[in-house]
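Beneath this line is the structure, given in structure tokens, with notes to follow.
The values are calculated or read from the model by the stated rules, or taken from the named source; none is laboratory data. Computed from a predicted model, the values in this text were never measured in an experiment. Positions of Cβ are backbone-derived with ideal geometry, glycine not excepted, and every protein chain shown enters the neighbour counts. Only protein heavy atoms, including side chains, enter the accessible area calculation; ligands, DNA and RNA are left aside. Shrake-Rupley method; radii C 1.70, N 1.55, O 1.52, S 1.80 Å.
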Amino acid sequence: MQSFISIESLRAWMAWWVVVGHALRLSGLDNYTLQGIHLPPLIAKILGSSGTAVNVFIIVSGFVITHLFISKQESYSKYITRRAFRLFPVYLVCLAAAIITMKFYVLSYVDLGFSAASDDKGARLVEQTENFWIHLAAHLTMLHGLIPDEILPYAGSTILSPAWSLSLEWQFYLIAPVVVAALMGRPAIALATAVLLLATHAVFTYGGIASWQYLAFLPLALNYFLLGIMSRLAISYGAFRKIPAYVLVIMLMSIAFSGWKEIVIWGVFYAFALSEANWFTIRSRPVIFLSKVLAFNRYTARFGKWSYSTYLIHLPVFVTMVGGYAMVVGLENVTQAAVLLILAAAFPLVLLISWLLYSWIEVPFISMGRRVVNRPSLRSSAPAN
């Protein structure tokens, strides 16, 4: 199966954008109500808008899952088993880490008060404490993102807040074979499927049916998944002039429902992916240099492999270091400068733990999932697509 180094590198950049954004908020660099150290508003706004990075992750998920379906056929049971072995082990480890370090989380985000969102996080912690076992049970299914705030407040973001997007991804994986198969089918079926997906997205996004704190409920993010799916399908045609009109129409429809920042970022790395697929050769020296810095180097590709662990473990690491320091010296003696130094020291530690989680948890369980699906009982199942 062809690998897209550019897409792997994109994962690294987006994961670390989220990490930097959380460090920014925890340290109060974007909290202009405080007397202290601040970043210029434009820089703080860019670095702090890490939701854009998560949206790009969603596009990548659509792309990668479609690439998997194009590259190999397997039964639904084999497919979903391998996905479960890919997602759940590290997720459960990091969920446990978040529970263990919850006291540090309270110290770091609520008691210190550097974060501009301290009040909101305090309300979320109250809800989490009062209904802890309900939230934990929902998280163990990885379907907690399905639950609207009207039924269970903050359902998507309690305990381990970045995991709302993991719930979203799991929801997508459960139905992806049907969706991708329909979009790979006859033009009329593909167009009807795209219209249905985007209409569903519009109804839940703008219809006021219920509310979710993030895009944790699948319909809210269908536009981004659709863009990723169609981007990978377009590559299969080998050249722009060979792409059927309906594929381009669906891509444009999904773009119309997406944010411009996500489109720009995806467009740059998608161009690199097209070059990997031999659609064209990059000849411009400045572009070659840019591609090597952003996409085609061993460091970004390696960090991309670790990005799943990075995305999940960085907050428990941050709050343990900041909250632990606060416990030692006393809350009243913690300065913003000290928090900044601690977070700067935490970055290489996050990278190290990400590598350990990837090497000791992700890779072994991915291999275990491969062995499980190759058992005769699963090998005889019908293809998923």
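Based on what the data block shows, is Ile99 open to solvent by 30 Å² or more (accessible area, probe 1.4 Å), within 28 Å of Leu233 (Cα to Cα) and out of contact with any helix residue (DSSP H, G or I) (no Cβ under 6 Å at 6 or more places or on another chain)? Quick ask: steps written out before the conclusion?
Values: open to solvent by 30 Å² or more (accessible area, probe 1.4 Å): yes; within 28 Å of Leu233 (Cα to Cα): no; out of contact with any helix residue (DSSP H, G or I) (no Cβ under 6 Å at 6 or more places or on another chain): yes.
Spelling it out, it is not the case that Ile99 is open to solvent by 30 Å² or more (accessible area, probe 1.4 Å), within 28 Å of Leu233 (Cα to Cα) and out of contact with any helix residue (DSSP H, G or I) (no Cβ under 6 Å at 6 or more places or on another chain).
Considering only residues of the stretch 16-47 that are open to solvent by 50 Å² or more (accessible area, probe 1.4 Å) and of a type in the set (S, T, N, Q), which is nearest to Ser115 (Cα to Cα)?
Among them, the one singled out is Thr33.
Give me the residue from the stretch 10-59 that is in contact with a Lys or Arg (Cβ under 9 Å, 6 or more places away or on another chain) and charged (D, E, K, R) and, out of that set, nearest to Ala337 (Cα to Cα).
Asp30
Is it the case that Ala295 is out of contact with any strand residue (DSSP E or B) (no Cβ under 8 Å at 6 or more places or on another chain) and either exposed (fewer than 15 other Cβ atoms within 10 Å of the Cβ) or polar (S, T, N, Q) (or both)?
On the way: out of contact with any strand residue (DSSP E or B) (no Cβ under 8 Å at 6 or more places or on another chain): yes; either exposed (fewer than 15 other Cβ atoms within 10 Å of the Cβ) or polar (S, T, N, Q) (or both): no.
So Ala295 does not fit the description; no.
For the stretch 276-385, give me every one of the helices (runs of 4 or more DSSP H) that falls completely inside it and has 3 or more residues that are aromatic (Phe, Trp, Tyr). Steps first, please.
Values: elements: 285-294, 298-305, 307-329, 336-357, 363-373, 376-379.
Where helices (runs of 4 or more DSSP H) fall fully within the stretch 276-385 and carry at least 3 residues being aromatic (Phe, Trp, Tyr), they are 307-329.
Can you go through Ser50, Ser108, Ser61, Ser77 and tell me which one is among the hydroxyl-bearing types (Ser, Thr, Tyr), open to solvent by 30 Å² or more (accessible area, probe 1.4 Å) and touching a residue at least 12 places away in the same chain (Cβ under 8 Å)? Give the derivation first.
On the way: Ser50 fails: open to solvent by 30 Å² or more (accessible area, probe 1.4 Å); Ser108 fails: open to solvent by 30 Å² or more (accessible area, probe 1.4 Å); Ser61 fails: open to solvent by 30 Å² or more (accessible area, probe 1.4 Å).
Answer to the check: Ser77.
Pull up the stretch 234-275, narrow it to residues that are open to solvent by 30 Å² or more (accessible area, probe 1.4 Å), touching a residue at least 12 places away in the same chain (Cβ under 8 Å) and outside any helix (DSSP H, G or I), then point me to the one that is farthest from Phe57 (Cα to Cα).
Step by step, filter the stretch 234-275, then rank; the result is Pro244.
If you scan the stretch 52-86, which residues turn out to be under 23 Å from Gly21 (Cβ atoms) and hydroxyl-bearing (Ser, Thr, Tyr)?
Thr52, Ser61
Restricted to the stretch 318-365, and to residues that are touching a helix residue (DSSP H, G or I) at 6+ places or on another chain (Cβ under 9 Å) and small (Gly, Ala, Ser), which residue is farthest from Leu92 (Cα to Cα)?
Going through the qualifying residues, I end up with Ala338.
Can you work out which of the residues in the stretch 206-251 that are closer than 19 Å to Ala273 by Cβ and among the β-branched types (Val, Ile, Thr) is nearest to the chain's Cα centre (by Cα)?
My answer is Ile229.
Taking Pro162, is it open to solvent by less than 10 Å² (accessible area, probe 1.4 Å) and in contact (Cβ under 8 Å) with a residue 60 or more places away in the chain? Working first, answer last.
Values: open to solvent by less than 10 Å² (accessible area, probe 1.4 Å): yes; in contact (Cβ under 8 Å) with a residue 60 or more places away in the chain: yes.
Considered against the rule, which asks whether it is open to solvent by less than 10 Å² (accessible area, probe 1.4 Å) and in contact (Cβ under 8 Å) with a residue 60 or more places away in the chain, Pro162 comes out as yes.
Find the residue count for the stretch 111-146, including only residues that are open to solvent by less than 50 Å² (accessible area, probe 1.4 Å) and either touching a residue at least 40 places away in the same chain (Cβ under 8 Å) or under 22 Å from Ala326 (Cα atoms) (or both).
Total meeting the criteria: 15.
List pairs: first in the stretch 166-177 and surrounded by fewer than 24 Cβ atoms within 10 Å (Cβ to Cβ), second among the charged types (D, E, K, R) and in a helix (DSSP H, G or I), Cβ under 6 Å, 6+ apart or cross-chain?
Pairs that qualify, where the first residue is surrounded by fewer than 24 Cβ atoms within 10 Å (Cβ to Cβ) and the partner is among the charged types (D, E, K, R) and in a helix (DSSP H, G or I), are Tyr173/Arg83.
Pick from the stretch 318-333 the residues that are open to solvent by 10 Å² or more (accessible area, probe 1.4 Å), of a type in the set (A, V, I, L, M, F, W, C) and at pLDDT 95 or above: which of them is nearest to the chain's Cα centre (by Cα)? Steps first, please.
Kept after step one, since they are open to solvent by 10 Å² or more (accessible area, probe 1.4 Å), are these residues of the stretch 318-333: 320-321, 324-325, 327-333.
Narrowing the set further to residues that are of a type in the set (A, V, I, L, M, F, W, C) leaves 321, 327-329, 331.
Filter once more, keeping what is at pLDDT 95 or above: 321, 327-329.
Working: Met321: 24, Met327: 32, Val328: 34, Val329: 35 Å.
Out of the qualifying residues, it is Met321.
State all residues of the stretch 148-159 that are touching a residue at least 60 places away in the same chain (Cβ under 8 Å) and either among the β-branched types (Val, Ile, Thr) or surrounded by fewer than 21 Cβ atoms within 10 Å (Cβ to Cβ) (or both); if no residue qualifies, say none.
Correct list: Pro148, Asp149, Glu150, Ile159.
Go through the stretch 2-15 and give me each residue that's in a helix (DSSP H, G or I) and surrounded by fewer than 22 Cβ atoms within 10 Å (Cβ to Cβ). Before you say what the answer is, go through the steps one by one.
Step one: list which residues in the stretch 2-15 are in a helix (DSSP H, G or I), which gives 5-15.
Ile5, Glu8, Ala12, Trp13, listed by residue number.
What's the number of the condition Gly304 fails, among (1) open to solvent by 20 Å² or more (accessible area, probe 1.4 Å); (2) modelled with pLDDT of 95 or more?
Unmet for Gly304, out of (1) open to solvent by 20 Å² or more (accessible area, probe 1.4 Å); (2) modelled with pLDDT of 95 or more: (1).
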